[in-house]
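First the structure, in the form of structure tokens, and then the observations on it.
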Amino acid sequence: MNARLDVFANPIAGKFLRHINSAGKILTDSTLPAATQELVKIRASQINGCGLCLDMHTKDAVEAGETATRLHLIAAWREAKVFTDAERAALELTEQGTRLADAAGGVTDEAWANAAAHYDEDQLAALVGLIALINVYNRVNAITRQPAGDYQPGMFG
């Protein structure tokens, strides 16, 4: 598969990606747990069918010590015993925040309250930003058909 647009070589796409990467650094450096951040990125990428992001974030999660069992069960997190209540709340918020068009009313008050019970205000802000940001990456990659499979942990910085 060949990409429709080389987003790494195109000056407009490159400038755009540098700016959103800067936003991503703020979120990465937040107090939202790193494992939760990877779970969120992977779940949104599963929903959006973004191969490049799935390739990247599953490999980064493994590099950071995530288990194969947890990675394999992200799509079925509701039935899996391997996630904490806080992680479940983040995954629910991720799903609802990613599937806005599928649900009348968007994110439910219950999903927000559940997340707020596990994360402080700064972590919630990071979680909201992360959900929005991974959805941007997913859409850029899906629209331009960025190929997956060649990612090596750390190759983008």
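Side notes on the structure shown:
Residues are listed down the side, and each one gets a yes or a no for (1) at pLDDT below 95; (2) in contact with a Leu (Cβ under 8 Å, 6 or more places away or on another chain):
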position	(1), (2)
6	yes, no
16	no, no
35	no, no
44	no, no
61	no, yes
91	no, yes
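- Scoring residue 101 on the criteria (1) of a type in the set (Gly, Ala, Ser); (2) in a helix (DSSP H, G or I); (3) modelled with pLDDT of 95 or more leaves a single failure, condition (3).
- Residues (without any contact (Cβ under 8 Å) to a residue 60 or more places away in the chain and either exposed (fewer than 13 other Cβ atoms within 10 Å of the Cβ) or not β-branched (Val, Ile, Thr) (or both)) located in the range 126-146: 132
- The set of residues from the range 104-119 being of a type in the set (A, V, I, L, M) and not in a helix (DSSP H, G or I) comprises 104, 107.
- Residue 150 falls short on exactly one of the conditions (1) within 20 Å of residue 45 (Cα to Cα); (2) among the acidic types (Asp, Glu); (3) assigned to a helix (DSSP H, G or I); (4) open to solvent by 40 Å² or more (accessible area, probe 1.4 Å), and that condition is (3).
- All of 61, 90, 115 fail the test of being in contact with a helix residue (DSSP H, G or I) (Cβ under 6 Å, 6 or more places away or on another chain), surrounded by 14 or more Cβ atoms within 10 Å (Cβ to Cβ), more than 20 Å from residue 138 (Cβ to Cβ) and of a type in the set (A, V, I, L, M, F, W, C), apart from 115.
- Checked against the criteria, residue 99 counts as open to solvent by 50 Å² or more (accessible area, probe 1.4 Å) and within 17 Å of the chain's Cα centre (by Cα).
- The residues on offer are 70, 18, 43, and the sole one that is out of contact with any Pro (no Cβ under 6 Å at 6 or more places or on another chain), open to solvent by 60 Å² or more (accessible area, probe 1.4 Å), of a type outside the set (Phe, Trp, Tyr) and closer than 23 Å to residue 148 by Cβ is 18.
The values are calculated or read from the model by the stated rules, or taken from the named source; none is laboratory data. Fair warning: this is a prediction, and the values are worked out from it, not measured in the lab. Glycine gets a Cβ as well: all are built from the backbone with ideal geometry, and neighbour counts include every protein chain shown. Ligands, DNA and RNA are excluded from the accessible area calculation, which covers all protein heavy atoms including side chains. Shrake-Rupley method; radii C 1.70, N 1.55, O 1.52, S 1.80 Å.
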